[in-house]
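Written below as structure tokens is the structure these notes are about.
The values are calculated or read from the model by the stated rules, or taken from the named source; none is laboratory data. Since the structure is predicted, the reported quantities are computational estimates derived from the model, not experimental observations. Every residue, glycine as well, gets a Cβ built from its backbone with ideal geometry; the counts of neighbours run over all protein chains shown. For the accessible areas, the whole protein counts, side chains as well, though only heavy atoms, and no ligand, DNA or RNA atoms are used. Shrake-Rupley method; radii C 1.70, N 1.55, O 1.52, S 1.80 Å.
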Amino acid sequence: MIRKVTLLALLATTLLLPAAVVVSGTANAQTTAASRLSLQIMMEAIGPDVPREPTTEVKVSGSLVNSGTETMSGLRIQMRYSPQPFAQRGDIEAYQSGQSLQPSAWRDQRYVQTSIAPSGKTPWEFVFTPQLLGFSRFGVYPIMIEVLDAFNQQVATLRTLVTYMPRETRVVRTRLAMVLPIVDQPRRSGDGVFADEGLPAAMAPGKRLGDLLKIAQDTSSAKGLTWVVDPALLDDARAMGGPHAVRSKNRTQQRPATPAAAQWLSDFREAVADHPVMATPYGDPDVAALAHNGVDNAAATGINAARIIGRETLGRDVITNVNWPLGGLIDYDGLDLLATGGVDTVLLNVLNLPPAAPPVTTPDASATLESVNGPVTALVADARLSETVGADTSAPGSALMNRQRFIAETAMISAEPVNTARTVIAVPHRRWDPDPKYVTNLIETATGLPWLLPVGLDAVKRGKGAPTPRADLTYTDQNRRAELPKQYLTGVKKVGARADLTAAITTAQDLDVFDLALLRLTSSAWRGRTAAAAPYVQQVAEAIDSRIAMVSITGSEQSRLRTLAGSNGDVPISVRNELSGEASRVAVRLRVTSDQPKLLKIEPYVDQLMILGGQSQTIRIPMTSTASGQTTVTVQLTTDDGRKYGKPVELTVRTTGYTGVALVIVGAALVVMLAAVVLRVLRRRGGRRPAAAPPSERDREPAGTES
């Protein structure tokens, strides 16, 4: 019996042992997974940026944070590294993303920590010298901080980089051009009325435009910076800095000057005074979409407007022959559009103009493209450097990590086996929202690195070496679909056609009245949000119709009756110009046509009118009638090239035929007068006959007297 019990116990133990092992392994896996979720390694300091001596002390420090609800025990922190630098830039990317295998030659330095309470943190620090770790030559070396749990499972890692450059190292400096954009979104409609008062809020300290201004101020004396600005933003700041109008609940309200907007513009003008400033076309239009939808003149108009507004707001010329298309992406249609507008250099994304084959070393930024207007220089931005400059550094420790990445990337470029100077360009995304402290520190760091030579974009020239062969312009279907849609731009084109009428009759101006408004409607800011642009389109259309109506043929419906006395005569027609301001003088033509040419003929007349604002002008139109009666003439204002301006006006002309009747009456009167004159003459002649002799005495004796 005892043997049976013992056998059953042994069998049960044998059967349950695997289950116990599985349960234990599952518990370990769950603990490790929980540890990964709740433990974070934060790097808080690393320095110096570039040790130059083998005995220079390098310190890496930070904190291990427990964001979970349970105490973490039995943790071990260690630093791992490799004494061999990376061979090429691609190795850095693979290492940082965790895609590369850990080299077998890595060594450790251990740091033991027993436990961390919930929501607690504990500091860690590693100190070493290049000599101690075996760093022997110029290059970038991997450093990894690793946390292991009680089961020797990796629960957290932090990968960073240390760049070592022995003092005796000599390299050809890489020219670095850093391009910083300050581009906003349209904020005004066609009549110059602001949609809201959000601009001053965006310019406040701590807000996006306020932070960009702070970067400009803090780096005003730095070298190698180029600012890219949308002149529409400067124009909006100028407009809001004076008395302006704001639309609120479908009503337009007049507002006093906003000092904050005027101050922002003044401060920005001063901050960039010593830096080259490149201007996008006014409003930052979606050039690719314009080219693909037949809005061909907008790009050239925007470039010209940028030149004018840039000079007015900054007090100096801005660079307009260099263009940075949205995302650095363009095709040959867009390139031709820019080239015909005066652009001879484009700033592109490497995805738009990639190397023909994977390059062994970093290529020079400069290349050449062919357009309908001749060769165009392409400046290709470095993707990794651009990402680092425009990185989101809101997470704790991310600013320091990105700064180390920037140092490492630029060092790798200069360490590549190239004996000639190259230029690389870093440009963050268009509407970035940076941390001023991070960007300012990065610019200061770049200025002090011994392998870099900061330059402005205007100083970028082709490298002396053979250019890297590049593939053709790459513009995908996905890029095409991201543009402003055809339906939206068709509506904008219709509005633009009516705006052209106002431009055609307005004289003495640099920019047409609605040019800037239409450019705002084609802004790249509306990509993916054309519904938000729809009210602006409607407001521009209403403003155009209102302006067209201000130049019109005078007279009410009741007064549109004209009388032509006789078979010919002149009919006066007046045109009133109610425009005011600098662009108020207009030149129009007057077209008058008869609905019944056989009854009423319009004789030749001078049809052109030049009318100042607030005045009227009258043309007398000669007409000839073949019979008495009533007919209609149509009066239409036109542009100089014959396009109809405004609605036609119909006038009723009544012909009396009075001239023929008058001739009959006058003729009859003449006959009567002639007869009267003849009769009178005859009477006068009869009165002139000789008188009879007087009677004798005898004849005068009374009758009946006898002798």
Per residue accessible area in Å² of region 139-201, where ligands, DNA and RNA are left out and the probe is 1.4 Å: 32
Zone residues, region 76-93, relative to ARG137, backbone N less than 16 Å from point 7 Å out along Cα-to-Cβ: 83-89
Carbon plus sulfur, as percent of the 1.4 Å-probe accessible area of the chain, comes to 54
As a test question: what accessible area, to the nearest 10 Å², does ARG173 have when a 1.4 Å probe is rolled over all protein chains in place? 110
Largest-first ranking of VAL127, VAL193 by accessible area, probe 1.4 Å, whole protein assembly kept, is VAL127, VAL193
Might you tell me the accessible area per residue for region 289-346, computed with a 1.4 Å probe and given in Å²? 33
Contour minus Cα-Cα distance for THR490 and ARG316 (0.36 nm per residue): 59.0 nm
Could you tell me the center-to-center distance, by alpha carbons, between region 155-193 and region 221-246 in angstrom? 22
Enter the angle in degrees (range 0 to 90, nearest 10) between the Cα long axis of helix 231-240 and the first principal axis of the Cα atoms of the chain, meaning the one along which they spread out most. 70
Principal axes first, then extents: for the Cα atoms of the chain, list largest minus smallest coordinate on each axis, whole Å, largest first. 226, 77, 47
With every protein chain left in place, what is the accessible area of SER221 in Å² (1.4 Å probe, nearest 10)? 110
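Using the structure shown, list the pairs from LYS223/LYS461; LYS598/LYS647; LYS493/LYS644 with a Cα-Cα distance above 20 Å, or answer none.
LYS598/LYS647
Run lengths n ≥ 4 of DSSP H only: what is the helix-derived mean residue ellipticity at 222 nm for the chain, with -39500 (n - 2.57) per run over all residues, to the nearest 500?
-11000 deg cm²/dmol
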The chain: angle of helix 298-314 to the longest principal axis, Cα-based, in degrees nearest 10: 80
Based on alpha-carbon centroids, what's the gap between region 403-436 and region 309-382 in Å, whole number please? 19
Between ALA395 and ALA201, what is 0.36 nm times their sequence separation minus the Cα-Cα distance? Round to one decimal in nm. 67.4 nm
May I ask you to rank GLU582, GLU312 by accessible area, largest first, using a 1.4 Å probe over the protein chains only? GLU582, GLU312
Treating cross-link reach as a plain straight distance, find the lysines whose alpha-carbon is under 24 Å from the alpha-carbon of LYS486, omitting any fewer than eight places away in the same chain. LYS494
Could you compute how much accessible surface HIS275 exposes when probed at 1.4 Å, giving the result in Å² to the nearest 10? 10
Could you give the accessible area per residue of region 546-627, probe 1.4 Å, as a whole number in Å²? 54
Could you tell me how many degrees, from 0 to 90 and to the nearest 10, lie between the Cα long axis of helix 259-271 and the main elongation axis, the longest principal axis, of the Cα atoms of the chain? 60
What full-extension length gain, to one decimal in nm, is calculated for ARG76 and THR618 as 0.36 nm per residue of separation minus the Cα-Cα distance? 185.5 nm
